[in-house]
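Novice: Let me begin by handing over the structure; questions about it come next.
The values are calculated or read from the model by the stated rules, or taken from the named source; none is laboratory data. What you are looking at is a predicted structure, and each value in this text was computed from that prediction instead of being measured. For neighbour counting, all protein chains shown are included, and Cβ atoms are generated from backbone atoms with ideal geometry for every residue, glycine included. The accessibility values were calculated without ligands, DNA or RNA, using every heavy atom of the protein model including side chains. Shrake-Rupley method; radii C 1.70, N 1.55, O 1.52, S 1.80 Å.
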Amino acid sequence: MSNMSWEAAWAGAAVAREFVGRLSQVDPAVLRQALPPVLDRDPYLSAWTNIQAALGAAPAIDQARIRELLSELDGPIESLNLPPSVAEAAKRALQGLLVRRWLLAEESLTFAYEPFESVIPLVSLGR
């Protein structure tokens, strides 16, 4: 899989990989204690809906790249053995990072990323 050509120009991939890499370095006990979001209530639900809409609005080639990255990075998230809601929140935050440039409202990413803000501040991830 030779993705380096497009990845060099596609910063979202690097940020997503950095998030998953740093997530795997956090003490699992700290991650398990993270307050899991209520995944099916507002404002989190609205943010997630906006993230999904942004994926749908991305050009087809970018949608394919995003799905490829999500598939690649789901494994490392699953290997952390997090509570199901925290693992799902990590996957949603990951998708939010990947579709960030197509989001109509940046606060959607802020809400989706919130469970991880205290351990990996969003501003600390590369741009």
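Novice: With the requirement that a residue be part of a helix (DSSP H, G or I) and either over 12 Å from the mean Cα position of the chain (by Cα) or closer than 14 Å to residue 19 by Cα (or both), what does region 111-127 give you?
Specialist: Looking only at region 111-127, we keep the residues that are part of a helix (DSSP H, G or I), and these are 111-117, 122-124.
Listed by number, the residues that qualify are 112, 113, 114, 115, 116, 117, 122, 123, 124.
Novice: Would you be able to tell me the number of residues in region 23-36 that are open to solvent by 60 Å² or more (accessible area, probe 1.4 Å) and free of Cβ contacts under 8 Å to residues at least 12 places away in the same chain?
Specialist: Residues meeting the conditions: 3.
Novice: Filter region 37-51 for residues that are surrounded by 15 or more Cβ atoms within 10 Å (Cβ to Cβ) and either in a helix (DSSP H, G or I) or of a type in the set (Asp, Glu) (or both) and give the result.
Specialist: 44, 47, 48, 50, 51 - these are the residues of region 37-51 that are surrounded by 15 or more Cβ atoms within 10 Å (Cβ to Cβ) and either in a helix (DSSP H, G or I) or of a type in the set (Asp, Glu) (or both).
Novice: For region 60-85, which positions are surrounded by 19 or more Cβ atoms within 10 Å (Cβ to Cβ) and in a loop (DSSP other than H, G, I, E, B)?
Specialist: Scanning region 60-85 gives a single hit, 82.
Novice: Let me ask something additional. Tell me, yes or no, whether region 86-94 has at least one residue that is within 15 Å of residue 21 (Cα to Cα) and loosely packed, with under 12 Cβ neighbours inside 10 Å.
Specialist: Within region 86-94, the first condition is being within 15 Å of residue 21 (Cα to Cα), and the residues that meet it are 87, 90-91, 93-94.
From the residues that got through so far, the ones that are loosely packed, with under 12 Cβ neighbours inside 10 Å too are none.
Within region 86-94, not a single residue is within 15 Å of residue 21 (Cα to Cα) and loosely packed, with under 12 Cβ neighbours inside 10 Å.
Novice: Residue check: is residue 111 touching a Pro at 6+ places or on another chain (Cβ under 6 Å), aromatic (Phe, Trp, Tyr) and in contact (Cβ under 8 Å) with a residue 24 or more places away in the chain?
Specialist: Values: touching a Pro at 6+ places or on another chain (Cβ under 6 Å): yes; aromatic (Phe, Trp, Tyr): yes; in contact (Cβ under 8 Å) with a residue 24 or more places away in the chain: yes.
It is true that residue 111 is touching a Pro at 6+ places or on another chain (Cβ under 6 Å), aromatic (Phe, Trp, Tyr) and in contact (Cβ under 8 Å) with a residue 24 or more places away in the chain.
Novice: Have a look at 101, 17, 67 and point out the one that is more than 18 Å from residue 126 (Cα to Cα) and among the basic types (Lys, Arg). Explain how you work it out, then say what you get.
Specialist: Values: 101 fails: more than 18 Å from residue 126 (Cα to Cα); 17 fails: more than 18 Å from residue 126 (Cα to Cα).
Matching residue, one of 101, 17, 67: 67.
Novice: Anything in region 95-110 that is closer than 21 Å to residue 59 by Cβ, open to solvent by 30 Å² or more (accessible area, probe 1.4 Å) and in a helix (DSSP H, G or I)? List them, or say none. Spell out the reasoning first.
Specialist: Just the residues of region 95-110 that are closer than 21 Å to residue 59 by Cβ, to begin with: 95-106, 108-109.
Among the residues that remain, those that are also open to solvent by 30 Å² or more (accessible area, probe 1.4 Å) are: 100-102, 104, 106.
100, 101, 102 - these are the residues of region 95-110 that are closer than 21 Å to residue 59 by Cβ, open to solvent by 30 Å² or more (accessible area, probe 1.4 Å) and in a helix (DSSP H, G or I).
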